[in-house]
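The values are calculated or read from the model by the stated rules, or taken from the named source; none is laboratory data. Worth saying up front: this structure is predicted, and the values here are computed from it rather than measured. Positions of Cβ are backbone-derived with ideal geometry, glycine not excepted, and every protein chain shown enters the neighbour counts. We work out accessible area using only protein heavy atoms, side chains counted, and drop any ligands, DNA or RNA first. Shrake-Rupley method; radii C 1.70, N 1.55, O 1.52, S 1.80 Å.
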Amino acid sequence: GQLPTWLQGILLRNGPGMHTIGDSKYNHWFDGLALLHSFTFKNGEVYYRSKYLRSDTYNCNIEANRIVVSEFGTMAYPDPCKNIFAKAFSYLSHTIPEFTDNCLINIMKAGDDFYATGETNFIRKINPQTLETLEKVDYNKYVAVNLATSHPHYDSAGNVLNMGTSIVDKGRTKYVLFKIPSSVPEKEKKKSCFKHLEVVCSIPSHSLLHPSYYHSFGLTENYIIFIEQPFRLDIVKMATAYIRGVNWASCLAYSKDDKTWFHFIDRKTKKEVSTKFYTDALVFFHHINAYEEDGHIIFDLIAYTDNSLYDMFYLKNLGKDFEENTKLTSIPTCRRFVAPLQCDKDAEVGSNLVRLASTATAVKEKDGNIYCQPETLCEGIELPRINYDYNGKKYKYVFATEVQWSPVPTKIAKFNTQTKEMLHWGQDHCWPSEPVFVPSPDAKEEDDGVVLTCVVKSDPKEAPFLLVLDAKTFTELGRATVNVEMHMDLHGMFIPEQVVKKETE
């Protein structure tokens, strides 16, 4: 096929790549050692490169020729690498052992630099062109967090907004929202932007010893949206996991009879909206987008009714019969919630406060809390991406992978949230990754551009390829076949050529 002449830059992807070291194997697919890979678009041609992230975790494991650093689903014993993995038990103020720097989930841009990210307090700077691993950054040196999301947001000035959980503070568990500036003052050019990191606000956890697990958060023009779901970490269990010989993942529990709380933080005042909004128990990983309309916050996410998704990725379930063994017990559902912020104080108890054209409801209760029920937009999509120029704004399109009977994607989809129409791309025995939308330079409409996805084939003898689709019509423009074993990855980003140039200068 042919690639658009304007498509110049690097698609950078990250995901678990090595699951066996010597005679030892990880238990879970999300534990594998991070493998970065990139597709560079230059004058109508595509160049491929991949490289393991040379984290301290990677180096220790390779040197010992076995797994010596614990990951979320795999506890390692005994641990000669004491500098990475501190003793796993002590007082509650130090319960959290030092985590891995195997940053295998996503790529983040901070200032002019790029980082591989996971969900611990460590991120690793990388060179986006050579995929070389550079210095390790510990968020904890700049803000008291032990865990952080790998789905940050970027505001119009290029600042990074992210969230982390602070467990260390004498049992006062809280969620911390922080901002990393896009640039530092001229006279401090040598300093990193992390030195100027600021805490925007913090939200106390509903339960001190059971903070909510979260993988992403939402953003509108004026608000930050944090959802506290009843899928929680048990800190006491985590603190004793090492002694008990179990992995940290076993310390996660879902309480299906509990509430899911919505927190809205005003970006100007940095204060939380005082009205309490909640919905029924749910488990979710990915926010899609959020925006404001006529005094309402509208936010879309992909939710489940149980936590079976994580369990499916234990490697014992991903053998040759995994199509039989891994049936989702809860299909991912794209849900739209509507929270009326400017609701009438005198509204009757039991009345629906939503004043927009949506089947989502928000019902006032006796105690003043507001109980929200979503509108279901569609089912069976995951790993959602949007045109990020529309982040926090009213939008139409979601680009996502399509999952049917199993958690492994079989197609990619374009979903119109307004008309509910869906376009698909899929071929037999093809497993596509998260689709990344790249806008065309002269884009007039939200879907002017291309969608990029890496596709792995069921038959290892068949070469994987990068697929380029016209984002409007979902027709194939071209594919670049790569004659290597490509891994299924998780997340990534497209770096336009002008940004890459700036980085190399």
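Of the whole protein surface, residue 6 contributes about 80 Å² of accessible area at a 1.4 Å probe radius.
Ignoring ligands, DNA and RNA, what percent of the 1.4 Å accessible area of the chain is carbon and sulfur?
On the way: 10790 of 21720 Å².
The value for the chain is 50 percent carbon and sulfur by accessible area.
For the chain, the dipole from Cβ point charges (+1 on Lys and Arg, -1 on Asp and Glu) about the Cα centre works out to 1200 debye, to the nearest 20. Here, the range 260-351 is characterised by an Rg to Rh ratio of 1.13, where Rg is the alpha-carbon radius of gyration and Rh the Kirkwood radius. Of all aspartates and glutamates in the structure, those lying under 20 Å Cα to Cα from residue 259, and not within fewer than 8 positions of it along the same chain, are 228, 234, 272, 280, 300, 306, 365, 367, 375.
Candidates 142, 403, 451 compared by Cα position along the dipole of the chain: farthest toward the positive end lies 142, with charges placed on Cβ. Across the range 263-270, coupling constants 3J(HN,Hα) worked out from phi with the 6.51/-1.76/1.60 Karplus curve, θ = phi - 60°, read 10, 10, 10, 6, 5, 7, 8, 6 Hz, and Gly and Pro carry x.
Averaging the Cα positions of each part gives two centres, and for the range 459-473 and the range 208-241 these lie 35 Å apart.
Our Cα-only numbers for the chain put the radius of gyration and Dmax at 22.2, 67 Å. Treating each Cα of the range 375-480 as one equal point scatterer and applying the Debye formula with no solvent, the log10 of I(q)/I(0) at q = 0.19 Å⁻¹ comes out as -0.94.
Across the range 127-134, computed HN-Hα scalar couplings (Karplus, 6.51 cos²θ - 1.76 cosθ + 1.60, θ = phi - 60°) run 8, x, 8, 9, 6, 5, 8, 10 Hz from first to last residue, x flagging Gly and Pro.
Bridgeable lysines around residue 411 (alpha carbons under 18 Å apart, same-chain partners fewer than 8 residues away excluded): 327, 420, 457, 472. Tell me, what is the percent relative contact order of the range 9-502, built from C-alpha pairs under 8 Å that lie six or more residues apart? Worked out over the range 9-502, it gives 11 percent. In the full protein context, the chain carries 43 Å² of accessible surface per residue, based on a 1.4 Å probe and ignoring ligands, DNA and RNA.
Solvent-accessible surface of protein heavy atoms, probed at 1.4 angstrom with all chains present, puts 150, 24 in the order 24, 150, largest first. Considering only 307, 494, 133, and ranking their Cα positions along the charge dipole of the chain that arises from unit charges at the beta-carbon of Lys, Arg, Asp and Glu, the one farthest toward the positive end is 133.
Figure note: 444, 259 ranked by solvent-accessible area, largest first, 1.4 Å probe, ligands and nucleic acids not counted: 444, 259. Amide H contacts of residue 490: 14, 15, each under 5 Å away and 5 or more positions distant or on a separate chain (H built 1.01 Å from N in the peptide plane; Pro and chain starts excluded). Measuring with a 1.4 angstrom probe and ignoring ligands and nucleic acids, residue 390 comes out at about 60 Å² accessible.
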